[in-house]
Number of protein chains: 4
Amino acid sequence: MVIVMAPEANEADINAVVSLVETAGGDAFVSRGVERTIIGLVGDIQQFGALNLRSLRGVSDVVRISAPYKLVSRENHRERSVVRVGGVPIGPGTMTLIAGPCAVETPEQTLAAARMAQAAGATLLRGGAFKPRTSPYAFQGLGEAGLRILADVRAETGMPVVTEVVDAADVDLVASYADMLQIGTRNAQNFALLQAAGEAGKPVMLKRGMNGTIEEWLMAAEYVAQRGNLDIVLCERGIRTFEKATRNTLDISAVPVAQRLGHLPVIVDPSHSGGSRDLVLPLTRAAIAIGADGVIIDVHPHPETALCDGPQALVDGDLRELARVVRDLPPVVGRSLTVAQDAVPA
Amino acid sequence: MVIVMAPEANEADINAVVSLVETAGGDAFVSRGVERTIIGLVGDIQQFGALNLRSLRGVSDVVRISAPYKLVSRENHRERSVVRVGGVPIGPGTMTLIAGPCAVETPEQTLAAARMAQAAGATLLRGGAFKPRTSPYAFQGLGEAGLRILADVRAETGMPVVTEVVDAADVDLVASYADMLQIGTRNAQNFALLQAAGEAGKPVMLKRGMNGTIEEWLMAAEYVAQRGNLDIVLCERGIRTFEKATRNTLDISAVPVAQRLGHLPVIVDPSHSGGSRDLVLPLTRAAIAIGADGVIIDVHPHPETALCDGPQALVDGDLRELARVVRDLPPVVGRSLTVAQDAVPA
Amino acid sequence: MVIVMAPEANEADINAVVSLVETAGGDAFVSRGVERTIIGLVGDIQQFGALNLRSLRGVSDVVRISAPYKLVSRENHRERSVVRVGGVPIGPGTMTLIAGPCAVETPEQTLAAARMAQAAGATLLRGGAFKPRTSPYAFQGLGEAGLRILADVRAETGMPVVTEVVDAADVDLVASYADMLQIGTRNAQNFALLQAAGEAGKPVMLKRGMNGTIEEWLMAAEYVAQRGNLDIVLCERGIRTFEKATRNTLDISAVPVAQRLGHLPVIVDPSHSGGSRDLVLPLTRAAIAIGADGVIIDVHPHPETALCDGPQALVDGDLRELARVVRDLPPVVGRSLTVAQDAVPA
Amino acid sequence: MVIVMAPEANEADINAVVSLVETAGGDAFVSRGVERTIIGLVGDIQQFGALNLRSLRGVSDVVRISAPYKLVSRENHRERSVVRVGGVPIGPGTMTLIAGPCAVETPEQTLAAARMAQAAGATLLRGGAFKPRTSPYAFQGLGEAGLRILADVRAETGMPVVTEVVDAADVDLVASYADMLQIGTRNAQNFALLQAAGEAGKPVMLKRGMNGTIEEWLMAAEYVAQRGNLDIVLCERGIRTFEKATRNTLDISAVPVAQRLGHLPVIVDPSHSGGSRDLVLPLTRAAIAIGADGVIIDVHPHPETALCDGPQALVDGDLRELARVVRDLPPVVGRSLTVAQDAVPA
């Protein structure tokens, strides 16, 4: 941590900073410049955070240097992690396809979507039973009935299930059915939910907040990790910008940046990033090429009647092309598509 | 709702839209242009939303025309509302000052801050017992112990209490102590929390999401209203932009826009918008001048040791100036500072 | 300037930084922390900028501390400046109203708009003869014919003229007619234009780039100042964000921030910020209350036929209210409306 | 174009719109809804733009339907275009690598960088002689001396030259040396420069404004095209968002979107998007995989002493990897690297 003093700070102001830091058990190194004095702090940064140094007289700025997250940081954990979901790996070396319907509507629709997903190369099934919707008048999901459908389809297809949870009170219920808990973009800073998910004993997929910085995303993962769960997969799903031609702006650079700062797997959601069917395949190719550890894609047997996000669900011809892309592109970047045989029996 | 057909759409595509709309009980008016055909829909918009028109062949765009919120919309409720918190009014005609410590730390600190607030003209006391923090290592609030302190300070000062709730599971507890529930920016789309707050029988202050559009903010209010609670106050607290010189960018235009689109009172939080003490008074003046129904401000007897957001808490000289501003400026815009005598006995 | 070394940097990396800085005539103070080493630099910052320190092995970050602008910085010029335009002051103490048509269309329209402006309290006339338009098919302004109209209206009304210049090649022409050169938001980083304006011998009004940080705005002013012209007025006109309900988001905090960082006057354009007539007066009130040194407003005798930005031009009733606001509000913040008598004969 | 009337609009307001449109030679189709009336317009949209319909009483919104650009739109030009630069093609089918130093510094440095670029597979040489810099104290380029160096290196290597022009007054000079004129992000709405470039008789590379929408980018291209020059290549180089971990946010979705809306080739600048060396290769892979028609990359023989953007220039090992990527990845997406033999003799 570095303290930058204001030009008008005097010697007494500088001494006050130094003695406060030393009282807290840290060391302070003063560099007197022509225009400004800066003070470098050495010691326990958490402790300094509580000192409220920014409020002291003569302090102009406080610059943090170490990462504020510890458990998910790559500084202390050089190897990138592999997270297993019902035995299926997500992480370096492979490229995992997760696919399924945005929302679970009926057993038939869910099974059909799962078969489509599997045919395209998916090893994990996605599907929402609890849907966070901007409008209270929009379809909110089937709830536990939807979870039962997902479990039935898992039994039928062998695909482990990824599904969203939107309230801390529902975590145990969802965890009793799901193989991986998804936390959505609107809950990226719902700390009660993050903590509950950290205690549920299931892997967690953590979507980036649509307005969240990469640092905040890693801090959210730290909330999960702090409760003892390091089986976390980060999912980039587009951020909010001034551009109106796409639903969100996929921040493709976030994949290598988050992989460099943290040790967790990072996947991409091309369906919700672009918000339109014709962008899903191009964005999937970009995600694989940049080195994403997986992609998560909406498929639906009848997008024109989908209760949620129909315009972005892939249809037949697209799925054959998807199958080709997830098979042929990963080897160019030194990976291979995760297949069912990669799964480790639980 | 208007359907814009693609240039390559043919007559069959157009007829498919029309017959789908008519089957759903609506009317469709077709305007054939040289380059494009557009179809105007008349009828129940909720119904059309479920039709997934955007997925039909030949459809290029779907343009919504009516507001998607109903209960909080000014279209159906021309008069702007007054919300009473422990009897104290917030709404047109008056300008209400809410002040207090960012976080409740001790009984002494809270009472001292309340006295400072009251001396400056505040009629409502703010103070956080449950704090949502980006870092799991930061101070998270005193919880119920903090609520008890707030209740004691209310008894001592007569100021009704506004305090934050961060989890749906805590709503009943917080509502048993508080006069108004605050929902913070990170929970602006925590729909479970919004619904629980809508059923708690207490007024709700709803901060705008730091990345939320004004429409999403009104939709969040609709979630609360739908559960039978229209005692909602909207609070603008700054949005996230590329500018780094301030913590957030106060969207001052949001005040008149939200007041025109909805009938709910709209207040401003100048402390969290700017994130620094020297911006609080200027932003307070701007908020009052533009016609905000109130402002909510951090005060702390000893900002240099505050456990949360010390750098933005006002200190002595600032408070005297604040007292002057909230007294002298509202009359210039046809309002008067809300005083304790305005409170209606419960 | 502070150099933050990477965790893996070794002693040789640190020594390389130190010796490079010392060779350049600076001093380097090394603070060795448990996790990181930081190096504080003292000396000529321009010199260090050229060293490309960020490329050295082991360097993780370079943190600048001093402001990169000098001539417009308040660090070296504590008093806030007053800029005189045709004798009319803009700066602390007064609040100057600039008004007129967005675009000059005819002599009659321009004179009528000037009379409307003057009746509302304006002492400077705005009006565009060269219009930068997003579409090549939109009205681009009358060019020199428009400048002549402005000069005639100045002769008739006594109001000095503010008008935009969009190309370095036109600066001399525009300066031969105008009392102040306006540089628009799309040219906020057109450095050739900024330099030409700096040499034209007329005051310059510099709009903030719609995507520009406050620091970039001050750097643009530095380009003008470097050519010997410190008669610069900064104009905040809204930035681009994700919010769609307004044309731009007025960054009202930029007024006090730019006034604290630089010594130049700062005014606000409420017409282009909001983009709609009903926001002009509220935003004007906010601008005056926060301490803007002036406001610049679109007026048009017949907005419904305006060739440019008609939807935001004020009409009759609005103008009477504007006259009231600019007269009554400045005294509440310790200013008074600039009147013609304040002008210093040239 | 669709006119949405306000809820309170009456019959006279509707008739006024209709008669104004009909007077202008258009047709107006009225659809009366329960809550709102909408009016679809058919005819010459440019004409309607001049009507200022948004200012009419009772009009709530005006929704444009056709694209506002014509010459660069794919609506009227279904085939995607190939632009040839000194004979080298950029467009569908191939993937063109443009590389070279950010700034021309010396003959030796420029030739060395060109040889590095060529070895990696580049067929076009980039290099800046006129540099737009945020600070007036930063290196501004060698000017004409730099152009001469570029011409000499072209003679030596056979690589056509792409170089930036920053002022309309310099267009003829730069065009006399360059094979393609580059217009940078800060000049994306410098309309005088765009028009001058449109008349220079050389292909133009148009970078997207760092805050520009895709529509504005295409409108800027329309300015060039309107002067008779359709040899335009669009270059995505990152937009400005709230994320601070990267210099800009590469909007990778803009590639397929701009290729769908317009017929011009679209390339990506991974160097300036990310702003750091370790992001250049990942972003290059993403750009090729999504279907970019080319990439433009900074290389420098000695990045640690570069006068401009050293931290993002590729070095030796990176270049070998770049050579591998641009050779192996395009075939996976149905393209091949453009090689010197593809050049058509002028």
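The values are calculated or read from the model by the stated rules, or taken from the named source; none is laboratory data. Bear in mind that the values here come from a model prediction, so they are computed numbers and not experimental data. Every residue, glycine as well, gets a Cβ built from its backbone with ideal geometry; the counts of neighbours run over all protein chains shown. Surface accessibility is based on the protein's heavy atoms, side chains included, excluding ligands, DNA and RNA. Shrake-Rupley method; radii C 1.70, N 1.55, O 1.52, S 1.80 Å.
Things worth noting here:
- The HN-Hα couplings worked out from phi for segment C:178-184 by the Karplus form 6.51 cos²θ - 1.76 cosθ + 1.60 (θ = phi - 60°) are 8, 8, 8, 8, 9, 10, x Hz, whole numbers, x standing for Gly and Pro.
- Of the trypsin sites (Lys or Arg not before Pro) found in segment C:234-263, those that fall in a DSSP loop while having at most 12 other beta-carbon atoms within 10 Å are C:244.
- Net charge dipole, the protein assembly as shown: roughly 0 debye, given to the nearest 20, about the Cα centre with Cβ charges of +1 for Lys and Arg and -1 for Asp and Glu.
- Two tests apply to each whole DSSP H helix in chain D, Cα reach of 24 Å or more along its axis and mean Kyte-Doolittle hydropathy of at least -1.0, and the ones passing both are D:316-332.
- Computed P(r) (all Cα pairs; chain D; 10 Å bins; percent): 6, 24, 30, 19, 10, 8, 3, 0
- Summary for residue D:106: label point 7 Å along Cα→Cβ; distances to the equivalent points in the other copies, ascending, 6.6, 6.6, 7.6 nm.
- Comparing D:96, D:213, D:37 in a Gaussian network model of chain D, where Cα atoms under 10 Å apart are tied by springs, the biggest mean-square fluctuation is seen for D:37.
- Summed over both chains, the accessible area lost when D and C associate is about 3300 Å², using a 1.4 Å probe.
- Across peptide D:25-32, the average count of Cβ atoms from other chains found within 10 Å of a residue's Cβ is 4.
- In the structure shown, the pairs C:244/D:131; A:202/A:244; A:70/B:202; C:131/D:244; C:244/D:70 are assessed against 31 Å; a Cα-Cα span above that value is assigned to C:244/D:131; A:202/A:244; A:70/B:202; C:131/D:244.
- Computed over segment A:206-327, relative contact order equals 19 percent, with contacts defined as Cα pairs under 8 Å that lie 6+ residues apart.
- Minimum Cβ-to-axis distance in chain B for the rotation onto chain A, with residue, whole Å: B:211, 1
- For segment B:84-100, putting each phi into the Karplus relation 6.51 cos²θ - 1.76 cosθ + 1.60 with θ = phi - 60° gives couplings of 10, 10, x, x, 7, x, 10, x, x, x, 10, 9, 9, 9, 10, 8, x Hz, in residue order, rounded to whole numbers and with x for Gly and Pro.
- Cα gyration tensor shape of the protein assembly as shown, rounded if a/c is under 1.5, else prolate or oblate by comparing a/b with b/c: rounded
- Mean separation of Cα contacts under 8 Å, 6 or more apart, over the residue count of segment A:237-296: relative contact order %: 36
- Of the GluC sites (Glu not before Pro) found in segment B:57-154, those in coil by DSSP whose Cβ has at most 11 other Cβ atoms within 10 Å are B:79.
- Per-copy distances of the residue A:7 label point, shortest first, in nm (7 angstrom along Cα→Cβ): 3.8, 5.5, 5.8
- Within segment C:183-204, the residues that become at least 30 Å² less accessible when every protein chain is included than when their own chain is isolated (1.4 Å probe; DNA, RNA and ligands ignored) are C:186, C:189, C:190, C:191, C:192.
- Heavy-atom accessible surface of chain B: percent carbon and sulfur, 1.4 Å: 49
- Annotation for residue A:106 and residue B:156: the two label points, set 7 Å from Cα along the Cα-Cβ direction, are 6.4 nm apart.
- Top of C:16, C:188, C:155 by mean-square fluctuation, Gaussian network on chain C, Cα under 10 Å: C:16
- List of segment A:246-280 residues, accessible area with partners at least 50 Å² below that of the chain alone (1.4 Å probe): A:253
- Modelled label reach - residue B:145, point 7 Å along Cα→Cβ, segment B:103-125 residues with backbone N closer than 11 Å: B:105-107
- Segment C:123-234 - percent relative contact order, Cα under 8 Å, separation 6 or more: 21
- Ascending list, in nanometres, of distances separating the residue A:152 label from those of the other copies (7 Å, Cα toward Cβ): 5.7, 7.9, 8.2
- Highest-MSF residue in chain D out of D:255, D:42, D:224 [GNM, Cα springs under 10 Å]: D:42
- Put the Cα centre of segment D:198-224 next to the Cα centre of segment D:133-186 and the gap is 18 Å.
- Cα-based shape type of segment C:155-262, given that a ≥ b ≥ c are square roots of the gyration tensor eigenvalues and the cut on a/c is 1.5: prolate
- Note on chain B: helix-only mean residue ellipticity at 222 nm, from DSSP H runs of 4+ residues weighted -39500 (n - 2.57) and normalised by residue number, equals -10000 deg cm²/dmol.
- The residues of the protein assembly as shown present an accessible area of 33 Å² per residue when probed at 1.4 Å with all protein chains retained.
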